[in-house]
Structure formats: structure tokens, C-alpha cells
Amino acid sequence: MGVEAGAQVARSRALAVLRIRSRALAVALLPAAVAVVLLAGGSTGHLVGGTWHLARWITSVAALVVLLAAAVVALIVARARPAMSPTVPIAEESALDLYHLVRDLADRLGVPAPSAIALTPDCDSWLEDRTHPANAPPPPEGRDEISGVRGLRPVFQGQRRRAAATASPVLVIGSPFLWWMRVAELRAVLAPVVAGTGPSANPDIAAARRFVRGLDAAVAVAAAHRRDPVSRAALVGVGWVARLLLRGCRVHAAEMERGVAAAAAERAQAVDYGLRIVAQEQVGLAYAGWDRLLTRVALPAWRMGRWPARLDAGVVAALTELSRRDRLAEGFTSRLGERPACDLLEEPGLVDEAASLLAARLFHGGPAEPGPDWAPVDWQEYPEEVVDRKWRMDAARLHRVLDALDARGVHRASAAARQNPDAPTLSRVMNHLTTPQPPAAATTEAEEAEEAAETAKDEYAAEYGGGDGDDERVGSERGAALAAGLSVEVAREEAAAPVGGQQTPAGLTGQGPDTALWDEGSLPLFPLQPPRTSRELLADHVTAMVCCAAMDTAGAAPGLDWLDGPSLLLNGERAADLGPKVLTLIETGDPAPLDAWLRTTGVRPEKPVRLV
């Protein structure tokens, strides 16, 4: 499909959407037209009599009701604020080179330049229309309301509200692209996106898009604002009408956007086509590294109230390590010698911090601004501030649950443990998880312990629900009880300290166009991982206990692996073989592999460790 063919399809589908709008208007005006005819007939003496008089009253009342309802629907559709993607706005004065690159690209493509540029903490790029009157920007201020980081001014600075209806779409760029890609690669990747501004200038396509977005926003308003019975009844009707019109427009709107995309892709063929093929490989690599960085590195910090302030710089380190290990990028060294796209920003560190804070909100639900319980952390501080603290917090939680199980009679401690029952030692944990092999004379005692463990596990499951399906690979009932207890403890802590994004800080009031529609109770919008199973929690906590013992008795140190997150360093080398040995203990109750590893590394499991 060529440029003209795609544009023609988009225009024809846009006209189909507008015809649906016109038909809806005609239906709303039909009772009024009938009432006018009847009133005119009565005034000329043609339609007289009691029957016609009654008909005039009925049609007049019906026309007024329908016109009033249509006016309400039209007002809500016109005034409802369409949803927009949360982004970090980039003012032109803070990225002159980036704006010049985009405008030069638009000139080469023969399309209007985007009205502004914003960043998203994800590996994607798109155009977003923000021309709805309700989305017009507030007056310029010296502080960006979205990022909470000083120095970034709101997007559209200096534009007036009346110019919003004619503005081009905003270009949203994935922030990892700016840090990982070179300037030429970024230009090649953005070419098909920028080419999409051409169809946006067509009046029919622009009107059709505004109509569809207004309907979608009206549905959201009807679903979210149901208070008193009168407004609830009115909004139910508005939502029903809006959904009916959306169903009629759905196919045409989808085909219109396909036509726009086809025309943009065809137009971009003439610009950096060969380089775009190479750049697409970097897109896939960036996505893989970004996903690993968020799930393995950022998520542990977010869970303990810290947010890495340089995620985009971290993705470069992660991708460099990934390329070094797997040799995914040919000519990797020479490529890194070219100018990175983040050099197009005046203050890349400030932008990276704003994007990192927004990523924490989107993927974890963190607060909008830093605070005492939501502090940034630099990469050089990550091992001590996050890794060490996380392990010791997990170890402390593990021993709290063990204390609770001991109080229920689940754990039959050894003689050494009974002399110091409260000592936080690795031996205590391993002894609890080891599958008991009692002699014949001790069978009754062992059975009593197993029965107590099963009772404790059932109590935990009854309190918080579930807890059975994910414990199938835990080696013993005592281990299953410990896993269930950890799940309950983590749930209690999370309930006692709700994620900051579920609150409404003062900084959220009066925000710019990117955040006004956020439902703070629904954050995170894009959770990275489902809740951990009790078996996964048990493995994490036992690993943390082993790491604490290694740090306190064998001189090990906390470290950061860019691809795998927190790691234990022994003599400066990463201990990559610890995980399977911990899983063997948990799943089979066999401590032999872990015992051998502890002897080899010089870890003293009987020594108490320091907890938080």
C-alpha cells in the first residue's frame, strides 16, 4: 500500500466515522423536526382537532427531552478529557539538538513537525494528540509537576489554549532509546513515527479522531463519577449512548489508523531505510536489557522504598554487559564510539532522574515525589543501600517467622540451638528445612512435629487464603509452614505500609496534562511481576540468610549484577552457583550441596549474623 493509497483509506474511514456522528445528530433532531411540522400545521389550520393537539404536546415534550439529553451527551463528549500517557515533558530550550533533529526529519519527510517532545520510561515511541481543549497546558511554571524534579518545564510552554485545536501531535520517545541508541539510529527509528504527523493535518482525520477520543473519555467519565442518584442515572444514559456510538465507530476507526500507519511507513521508506533495519536490532536489544534492569535491579529497590535515579544510564551498562556476555551486537566497540542520542539533551542526568521516578510510579506505584520513605539511590550506593539492607531485612523476617513457628512447636531444635534459641544463625534455618530422618524410637516425636507444622500451615492459609498450590515443591511440611508464614508476614508489612502511589500527595493537585486522569488507587498501571509465591519468597529469604552469613563470617560483599540484580561477591567474584543449592534444600530437604558450598567458601553457619 503506497502513501496515497494509505492516505485515501484513512480519509474514507474518517468520513465513515463522521457520518456516524452526523446520523447521531440527525436522530437527536428528528423529534424536534416532527414537532416543528406539527406546530406549523396547526398554525396554518391544516392539522387541527383534539388528536393533533395532543400529538403536538407529546412530540414537543419528547423533542425537548431528547434535545436536552443530546445536549448533555454532546457537552460531556466535548468536555471530557481524553486519557493520555504519563510522560516526562521535554522543553525545547532543554533539548535544542533533539528538536532540531526531529524538525529536520519532518522536513525530509515533507510532514508537519511534532508540536513538542516527551519521554516515556518504556521501549516504544508514538505520536499522541493532545489538542483537546481540556488538555490545554497550564501557565508556565518553574517546576515540572510530573517528575517532581526541578529544571524541567511543562511541555507546550508559551502556547495559548486557543492554539491547542491546531497543534500537531506530541512525539513521545522511549527514554531507553535515547541512552542506548546512537544519533543516526534514533533518527532512523523515529522516521516512521514522525511521518504520522502528515495524516494528522487532514481535517477529516483530525475530526474523526477527536470524536472517537471524546466518546472514549465520556465512557470513562460515566464509569468513574457516579455519586448521587440523579447524576448516576444521567451518566448511565450518557455511558450507554457513548458505548453505542463507539461500537459503530470501532471498525472504521481501526481501519483509519491502519491506513495512517501504512501511509507513514511508506513515506518513511526514503529516509534512512538501510540504517533503520540495523537500528531495529538495537530496539530489540534495548527492550531485553530494559526488562532485565527493571525486574532484577529496580524492583528490589522499589520494594524497600528506594528508587534508582539513573535507570537509563543503567540500561546502557546492562546492555553493554549483555552484549559482552552473549556477543549479540556485531561491531559493538566501534558502535559505542559514535555519539549517543542522550547527548542531544542539555541535561541528560536531570531527564534520566525524572524518567526514573516516573518509571517507579508506572511499574510499582511509588509516590510522585521523593520523600523520607521514597529516596533516590545512585548506582555506586546500590550494593550497600539496597542489596545489603534487603538481605538483612529478609533475614530478620525469616527469623521472626521461625520464632513464631517455634512457639507453635513446629521446630524441634538441636541441642546447640536450644542453648541459644534466639540466635539468628544459618544453622537454625537449615535445620528447620532439612527433612528429618528419625530413628524408629523417635518416630512419635517426629510425627508430632510434622503435625504441628501442618497445623501452622493451615492457620496461615486460613488467615490469608490459598497457600497450597505453590508449596508442592517444598521439601517438608515444616518448610511449607515457613513459606506460608513468610507470605503472611510480607502481606502484613505491605498492608501496614501502603505504596505511596495509592495516596494523593499535595503535589498531585493542579498537575499538567500528563497526570490529571491518573487513578491513584489503580497504580501501578503496569506492574512488572505478579505477586511472588510462598515458595519463591522462601527461596529469596533463605538466599538472603546465606548471603548475610557469608558477609559476616567469610568476608563476602554485596554487589550489583546489571542483568541479574543483587549478587554476592566472594573475593571479588560473583557467587553464581548459590541459587541451585538453596533450591535443593528447599525442594528436597537435602542440605548436603549447600553444606559443601559453605565449607568451600569458609562460611560459618553456626555464627550469629547481624540483622536490621
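Name the residue from P348, A318, G366 whose Cα lies farthest towards the positive end of the charge dipole of segment 309-388, charges +1 on Cβ of Lys and Arg and -1 on Cβ of Asp and Glu.
The residue sitting farthest along the positive end of the dipole is A318.
Kindly provide the trypsin sites (Lys or Arg not before Pro) of segment 179-256 that DSSP labels as loop, not H, G, I, E or B, and whose Cβ sees at most 16 other Cβ atoms within 10 Å.
Qualifying residues, ordered by number: R226, R227.
To the nearest 10 square angstrom, how much accessible area does M551 have with a 1.4 angstrom probe?
For M551, the solvent-accessible surface is approximately 20 Å².
In whole Å, how far is the Cα centre of segment 558-608 from that of segment 236-293?
Using only Cα atoms to place each centre, the spacing works out to 46 Å.
Applying a 10 Å radius around every beta-carbon, put 272-279, 380-387 in order of their mean neighbour count, most first.
So the peptides 272-279, 380-387, ranked by packing, come out 380-387, 272-279.
Pulled fully out, how much extra length does the chain show between A33 and V612, if you take 0.36 nm times their separation in residues and subtract their Cα-Cα distance?
Value of the extension gain: 200.7 nm.
What percent does the relative contact order of segment 215-289 come to when contacts are Cα pairs within less than 8 Å and at least six residues apart?
In percent, rounded to a whole number, it is 25.
The values are calculated or read from the model by the stated rules, or taken from the named source; none is laboratory data. Just so we're clear, the structure is a prediction, and the values are computed from it rather than from any experiment. We place every Cβ from the backbone using ideal geometry, glycine too, and count neighbours over all the protein chains shown. Protein only, heavy atoms only, side chains kept; ligands, DNA and RNA dropped before computing areas. Shrake-Rupley method; radii C 1.70, N 1.55, O 1.52, S 1.80 Å.
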